[in-house]
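In what follows, a single structure is set out as structure tokens and then discussed.
The values are calculated or read from the model by the stated rules, or taken from the named source; none is laboratory data. Keep in mind that this is a model prediction, so the values were computed, not measured. Positions of Cβ are generated from backbone atoms using ideal geometry, with glycine treated the same way; all protein chains shown enter the neighbour counts. To get the accessible areas, we keep the full protein, side chains included, count just its heavy atoms, and leave off ligands, DNA and RNA. Shrake-Rupley method; radii C 1.70, N 1.55, O 1.52, S 1.80 Å.
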Amino acid sequence: MAEETLKAKTSKGLFWGGTGSLIQQLLNAFFGIFLARTLAPSDYGIVGMIAVFSLISLALQEGGFGAALINKKEVRSEDYNAVFWFNLLIAFACYLILFFSAPLIARYFHQPVLVEVSRWQFLCIVLSGFGTAQKAYLTKHLKVKEQSIITILSVAISGVVGVILAFKGFGYWALVIQALIMNVIFNFGPWFVSEWKPTLHIDFKPIKGMIKFSIKLLINSFLSILSGSLITIVLGRFYSAAKVGFYTQANKWSGMGTSVLSSMIGSVSHPVLVQVSDDKERQLRVFRKLIRFAAFVSFPAMFGLAFIAPEFIVIAIKDKWMESIPLLQILCVAGAFAPISGILSTLIVTYGKSDTILWTNIALSLSTILVLYLAFPYGITYMVIGIAALNILWVFVWWFLSHTKSGYSILGLFSDLVPFMGIAAFSIALAWILTKWIANIYLLLIAKILVTGVIYLILMKVSRAVAYKESKEYIRKYWLYRGQQ
């Protein structure tokens with residue numbers, strides 16, 4: 001019965017995580033199209049330059065305690081309370097430091113406007129401090145549906161405001177205000193659906209029990225963000241705001257696709273793998289199902305986005321963004337592997353090996369610096385290719401670090417990934433042959449999507465892929481159940 005209960009919770013979490021993320025990214029795409037058609041590349045570049053500081057500060061503020069709470073077998077109200085007040089304290093401290101550092105940031109990027117822009121943008125850090133413990137509580141209890149609804153509302157409301165401001169000529173301020181409104185809803189929304197609420201009894205003693213685990217995840221988050229943002233730091237220093245905007249736009253669209261998949265699987269992978277951690281054979285079975293499901297969805301989705309990128313960019317956000325197309329295609333290919341890396345690293349976290357995560361990301365950061373140094377003389381495209389190749393290679397690094405304890409062989413990894421990757425690539429190649437004669441760009445975009453999707457699903461059915469069969473069966477049962485209510 002426990003197996004059925006866990007399976008039901010996992011399936012429900014995957015459904016709501018996937019549905020919520022899909023709706024969220026569709027809304028992001030909808031509002032993003034209007035914003036990109038209205039704003040200039042330099043507007044995105046201005047905001048993109050300071051994104052790394054916000055991300056690093058958010059990682060410092062969260063401190064790895066969200067993951068520490070999820071990783072604990074038994075969590076008391078006092079644990080959540082300690083994390084809440086500690087994170088809020090760190091959030092205010094980070095904001096004050098960045099507030100007074102704003103002139104230095106503006107000087108580095110040669111953009112005086114960043115002084116005022118960054119001081120407003122960095123308020124998102126303070127807002128995030130109010131939501132860490134609450135979101136950890138919802139994740140711990142697999143309340144994916146509630147989190148999905150909150151996320152959708154935050155994107156929808158902030159998107160409407162952002163588009164209105166962009167049309168009224170607010171420029172990059174439309175993006176800043178949009179981010180602030182989204183963070184207000186995203187971080188205070190959980191307060192209305194969570195059974196747990198913070199108290200004024202402030203006791204940081206529980207932090208001591210989590211600090212050993214969380215500090216390594218904190219440094220890990222810092223390094224992950226830094227390695228992912230190094231290219232923006234380099235571009236912002238040596239290239240124009242418009243060039244940064246082209247990269248930011250490409251990274252945004254590829255990130256939307258990756259986010260759907262990572263959020264869908266990440267919303268359940270950590271708590272589910274923790275629940276079955278006492279039975280290694282069962283954990284491996286659950287883990288491999290997650291890997292196969294990720295591959296089943298990720299490869300056709302991200303390879304497909306790379307396939308339609310030329311038509312999509314020109315139709316959706318005009319040809320002023322054409323320089324983003326090759327960057328988007330490269331990032332999408334690498335992005336197909338991101339959910340796989342996420343699940344592998346999550347498995348290592350469930351073993352309590354936060355030190356392994358730490359040293360691995362130190363190596364990734366150093367490797368990123370080396371790749372950027374070697375590729376810099378050849379331009380932006382080669383830098384992006386280098387980083388993409390490194391991120392794909394890192395899937396095997398995560399596997400190597402997890403396989404000894406998990407028993408997950410390299411043949412198992414290839415058998416879980418290669419069939420989906422190969423069928424997705426073949427579907428796209430065949431679709432390209434069948435649609436290359438179409439001259440109308442609108443018909444070509446539609447044809448590429450439909451033909452690729454049909455071919456992929458037919459091949460999945462013919463090959464009797466378990467992930468395809470289980471996904472179809474769950475969707476059928478879910479809607480049957482909904483119809484009976």
**Complete:** Sole miss for Ala336 among (1) touching a residue at least 40 places away in the same chain (Cβ under 8 Å); (2) within 27 Å of Gly245 (Cα to Cα); (3) out of contact with any Phe, Trp or Tyr (no Cβ under 6 Å at 6 or more places or on another chain) is condition (3)
**Request:** Kindly list the number of the only condition in (1) under 21 Å from Ala36 (Cα atoms); (2) within 21 Å of the chain's Cα centre (by Cα); (3) open to solvent by less than 30 Å² (accessible area, probe 1.4 Å) that fails for Leu305.
**Result:** (3)
**Request:** Scan segment 426-437 for residues that are surrounded by fewer than 15 Cβ atoms within 10 Å (Cβ to Cβ) and not small (Gly, Ala, Ser) and jot them down.
**Result:** Phe426, Trp432, Ile433, Leu434, Lys436, Trp437
**Asked** Here are some conditions: (1) more than 24 Å from Trp359 (Cα to Cα); (2) open to solvent by less than 60 Å² (accessible area, probe 1.4 Å); (3) hydroxyl-bearing (Ser, Thr, Tyr). Tyr408 meets all but one. Which one does it not meet?
**Response** (1)
**Request:** Could you list all residues from segment 343-375 that are modelled with pLDDT under 90 and open to solvent by 30 Å² or more (accessible area, probe 1.4 Å)?
**Result:** Tyr351, Gly352, Lys353, Asp355, Thr356, Trp359, Ile362, Ala363, Leu366, Ile369, Tyr373
**Message:** Just checking: which of the helices (runs of 4 or more DSSP H) contained wholly in segment 1-95 hold 3 or more residues that are more than 26 Å from Lys140 (Cβ to Cβ) and either at pLDDT 80 or above or open to solvent by 40 Å² or more (accessible area, probe 1.4 Å) (or both)?
**Reply:** 2-38, 41-49
**Item:** Pairs, first on the phi < 0 side of the Ramachandran plot in segment 403-419, second β-branched (Val, Ile, Thr) and open to solvent by less than 60 Å² (accessible area, probe 1.4 Å), C-beta under 7 Å, six or more apart
**Value:** Asp416/Ile291; Leu417/Ile340
**Item:** Residues satisfying the stated conditions in segment 98-115, i.e. part of a helix (DSSP H, G or I), of a type in the set (A, V, I, L, M, F, W, C) and touching a residue at least 40 places away in the same chain (Cβ under 8 Å)
**Value:** Leu98, Ile105, Phe109, Leu114
**Request:** Output the number of residues of segment 458-485 satisfying the condition of being modelled with pLDDT of 90 or more and surrounded by 15 or more Cβ atoms within 10 Å (Cβ to Cβ).
**Result:** 1
**Prompt:** Given the conditions (1) at pLDDT 80 or above; (2) part of a helix (DSSP H, G or I); (3) closer than 30 Å to Arg76 by Cβ, and given that Ser267 satisfies all but one, which numbered condition is not satisfied?
**Reply:** (1)
**Message:** Given the criteria in contact with an Asp or Glu (Cβ under 8 Å, 6 or more places away or on another chain) and surrounded by fewer than 16 Cβ atoms within 10 Å (Cβ to Cβ), does Ile441 qualify?
**Reply:** yes
**Prompt:** Of all residues in segment 323-333, how many are among the hydrophobic types (A, V, I, L, M, F, W, C) and surrounded by fewer than 24 Cβ atoms within 10 Å (Cβ to Cβ)?
**Reply:** 3
**Message:** Whether any residue in segment 163-173 is under 21 Å from the mean Cα position of the chain (by Cα) and surrounded by 20 or more Cβ atoms within 10 Å (Cβ to Cβ) is what I want to check.
**Reply:** no
**Asked** Can you find even one residue in segment 116-126 that is assigned to a helix (DSSP H, G or I) and either in contact with a Pro (Cβ under 6 Å, 6 or more places away or on another chain) or charged (D, E, K, R) (or both)?
**Response** yes
**Asked** Does at least one position in segment 200-211 carry a residue that is more than 21 Å from Ala91 (Cβ to Cβ), at pLDDT below 80 and not acidic (Asp, Glu)?
**Response** yes
